[in-house]
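The values are calculated or read from the model by the stated rules, or taken from the named source; none is laboratory data. Small disclaimer: the values here were computed from a predicted structure and weren't measured. So basically every Cβ, Gly included, is an ideal-geometry build from the backbone, and we count neighbours across all protein chains shown. For the accessible areas, the whole protein counts, side chains as well, though only heavy atoms, and no ligand, DNA or RNA atoms are used. Shrake-Rupley method; radii C 1.70, N 1.55, O 1.52, S 1.80 Å.
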Amino acid sequence: MSADLRLTYMMVDLGILQCADQQKIYLRGLLTAADAFLRRRGVTLDDNSDEDDLLVGSVAAWMYRARGSADRAALPKNLDVVIKDRICHEKMGGAP
């Protein structure tokens, strides 16, 4: 896993070009939470996969947007489809 790459993906998703160190600490916490969220849902993450880094960054960006907003609390359909596709692929014997 490239923590810096995941952070970059998340910041681009959110449209953030720069942020203070305190904000980066918060964003990194969301990345950790997103990783745990995906693993709890049954996704096996490959720590050396750019695709997985992008997925974690996207989920963390959703978490950032959803904080304090009931309207955005539901997982977006595109992320739900990607996660379900990954789980299905793994259960059918495909590589993570």
Next item on the list: Output ³J(HN,Hα) for region 60-70: one whole-Hz value per residue in order, computed from phi by the Karplus curve 6.51 cos²θ - 1.76 cosθ + 1.60 with θ = phi - 60°, and x for Gly and Pro.
Entry: 5, 5, 4, 4, 4, 5, 7, 4, x, 9, 5
Check: Can you list the aspartates and glutamates whose alpha carbon sits under 15 Å from that of Lys77, skipping same-chain ones fewer than 8 residues off?
Finding: Asp85
Check: What spacing in nm lies between the two simple spin-label points modelled at Ile16 and Glu51, each 7 Å away from Cα in the Cβ direction?
Finding: 2.7 nm
Notebook entry, point to check: Which whole-number percent is the relative contact order of the chain (Cα, under 8 Å, 6+ apart)?
Noted result: 33 percent
Next item on the list: Roll a 1.4 angstrom probe over the protein heavy atoms and tell me the percent of accessible area of the chain that is carbon or sulfur.
Entry: 54 percent
Notebook entry, point to check: Amide H neighbours of Ile16 under 5 Å, counting only residues 5+ apart in sequence or on other chains, H built in-plane at 1.01 Å?
Noted result: none
Check: Dipole size in debye (nearest 20) for the chain around its Cα centre, Lys and Arg Cβ +1, Asp and Glu Cβ -1?
Finding: 480 debye
Checklist line | Candidate values (1) 1.07; (2) 1.95; (3) 1.36, label of the one derived for Cα Rg over 2.2 N^0.38 Å | finding: (1)
Check: Residues of region 12-29 with amide nitrogen under 20 Å from the 7 Å Cα-to-Cβ point of Ala66?
Finding: 12-16, 26-29
Next item on the list: Express in Å², to the nearest 10, the accessible area of Asp21 obtained by rolling a 1.4 Å probe over the protein heavy atoms while all chains stay in place.
Entry: 110 Å²
Notebook entry, point to check: For the chain, with the dipole built from +1 on Lys and Arg beta-carbon atoms and -1 on Asp and Glu ones, taken about the Cα centre, which of Pro76, Leu45, Gln22 lies farthest toward the positive end?
Noted result: Pro76
